[in-house]
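Contents: one structure, followed by commentary.
The values are calculated or read from the model by the stated rules, or taken from the named source; none is laboratory data. It should be emphasised that the depicted structure is a prediction, and the values quoted were computed from it without experimental measurement. Here the Cβ is made from the backbone with ideal geometry for all residues, glycine too, and neighbour counts use every protein chain on show.
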Amino acid sequence: MANKDFENEVPGGEDPEAQASGSDPQEDQGEELTVDDILGSAQNADAAAEDAVLADLESALLNDLKRLQAEYANYRRRTEEQREIEVQRAKGEAVKGLLPVLDDLDRAARHGDLVEGSPFAQIGEKVRAVAERLGVTAYGEAGEVFDPQQHEAIFQAPTPGVEVPTVLEVVEVGYRLGSVELRPAKVVVAVPAE
């Protein structure tokens with residue numbers, strides 16, 4: 001009993017090869033198969049076909065996995081880009097409500113109503129600080145070259161000595177939020193006299 005191979009023993013006392021072939025265990029006592037014999041033997045046609053089917057299935061599943069990983073990476077990239085766009089849009093909507101207030105502050109400063117140290121001047125500074133913190137920048141100054149992409153011409157004044165259309169006066173300052181234009185600058189344009 002000490003020399004008996006317990007790995008291949010099946011409950012009931014029969015050898016697995018004997019059960020599979022249906023033969024009596026006493027008939028095959030002459031030659032025992034080892035693991036190396038089984039692994040080293042040539043594959044039959046059915047096993048080779050099954051391996052080919054499994055390899056094709058594995059390849060198809062691997063391709064599906066790669067496709068799903070690429071789709072997920074693209075989904076994450078798109079949602080991150082969309083999130084950034086939505087954040088900018090929300091900031092833009094919030095800032096658009098501040099534009100009339102900023103315009104009123106500019107008008108008050110031009111007319112001398114914002115006296116340094118007054119409560120109204122301090123409130124104006126706080127509102128401008130909030131707009132700046134949100135990323136709002138003002139643009140449009142007299143003397144700039146007129147750019148129809150940035151300026152809205154509300155009047156053209158023929159002016160002698162002017163060679164290119166130039167901003168003569170800024171009626172309403174333009175505002176940007178990052179690269180997004182919130183409102184174009186409304187300007188009077190000096191054009192060459194004919």
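Here are some notes:
- Only listed residue being under 28 Å from K91 (Cβ atoms), surrounded by 11 or more Cβ atoms within 10 Å (Cβ to Cβ) and touching a residue at least 12 places away in the same chain (Cβ under 8 Å), chosen from V127, V162: V127
- Qualifying position, being over 60 Å from the mean Cα position of the chain (by Cα) and either modelled with pLDDT under 90 or in a helix (DSSP H, G or I) (or both), among L61, L68, L33, L39: L33
- Any hit, the stretch 139-152, residues being under 30 Å from the mean Cα position of the chain (by Cα), over 18 Å from L102 (Cα atoms) and surrounded by 12 or more Cβ atoms within 10 Å (Cβ to Cβ): yes
- Restricting attention to the stretch 86-106, the residues being surrounded by 12 or more Cβ atoms within 10 Å (Cβ to Cβ) and either among the hydrophobic types (A, V, I, L, M, F, W, C) or free of Cβ contacts under 8 Å to residues at least 40 places away in the same chain (or both) number 9.
- Restricting V173, V189 to those that are surrounded by 13 or more Cβ atoms within 10 Å (Cβ to Cβ) and under 27 Å from E84 (Cβ atoms) reduces the list to V173.
- Odd one out for V167, checked against (1) in contact with a strand residue (DSSP E or B) (Cβ under 8 Å, 6 or more places away or on another chain); (2) without any contact (Cβ under 8 Å) to a residue 40 or more places away in the chain; (3) closer than 20 Å to V101 by Cβ: (3)
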